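What follows is a single structure, written as structure tokens, with notes after it.
Any read-out appearing in this document is the output of simple, stated calculations on the displayed coordinates, not a laboratory observation. Note that the structure is a prediction, hence the values are computed from the model and not measured. Glycine gets a Cβ as well: all are built from the backbone with ideal geometry, and neighbour counts include every protein chain shown.
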Amino acid sequence: MKTVTRTRIEILADAPLVPRIISALRQAEVHGHTVLPALSGAGRSGSWSEERVTAAESKRLVIAIASPEHASALVDAIGPLLESHGMLLTLADVQVVRGERF
């Protein structure tokens with residue numbers, strides 16, 4: 001089966017930011033995504049976990065696959081939010097089957 005190179009996008013962000021991220025995905029013409037809960041982790045600021053009473057600071061992982069052009073448009077759209085909102089954005093080349101879907 002033939003594969004095509006696409007870009008896997010992963011964005012770790014506070015839960016209240018997910019609607020903004022989804023809006024940016026749509027504007028960049030990235031049509032599919034998955035949102036997963038992130039239960040715990042650690043970074044430069046130390047450890048964190050999903051044990052808060054209000055869940056206002058709970059984390060989500062948004063995953064999408066797109067063409068390199070659409071991934072680049074997304075980076076341009078949410079780039080300014082990365083530092084101000086403490087989000088993590090990673091991109092990786094992946095091989096997909098049925099590349100026309102992305």
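Placing pseudo-labels 7 Å out from each Cα toward the beta carbon at Leu36 and Ser84 gives an inter-label distance of 2.9 nm.
Placing a pseudo-label 7 Å from each Cα along the Cα-to-Cβ vector at Asp14 and Arg44 gives an inter-label distance of 1.7 nm.
Taking θ as phi - 60° and the Karplus parameters 6.51, -1.76 and 1.60, the scalar couplings of region 2-14 work out to 7, 10, 10, 7, 10, 10, 8, 10, 10, 10, 9, 8, 5 Hz in sequence order, x denoting glycine and proline.
The calculated Kirkwood hydrodynamic radius for the chain is 14.4 Å, given to one decimal from all distinct C-alpha pairs. Estimated at 0.36 nm per residue, the fully extended path between Leu61 and Ser23 surpasses their Cα-Cα distance by 12.2 nm.
Compute the long axis of helix 68-84 from its Cα atoms, compare it with the longest principal axis of the Cα atoms of the chain, and write down the angle in degrees, 0 to 90, nearest 10. Approximately 10 degrees, to the nearest 10.
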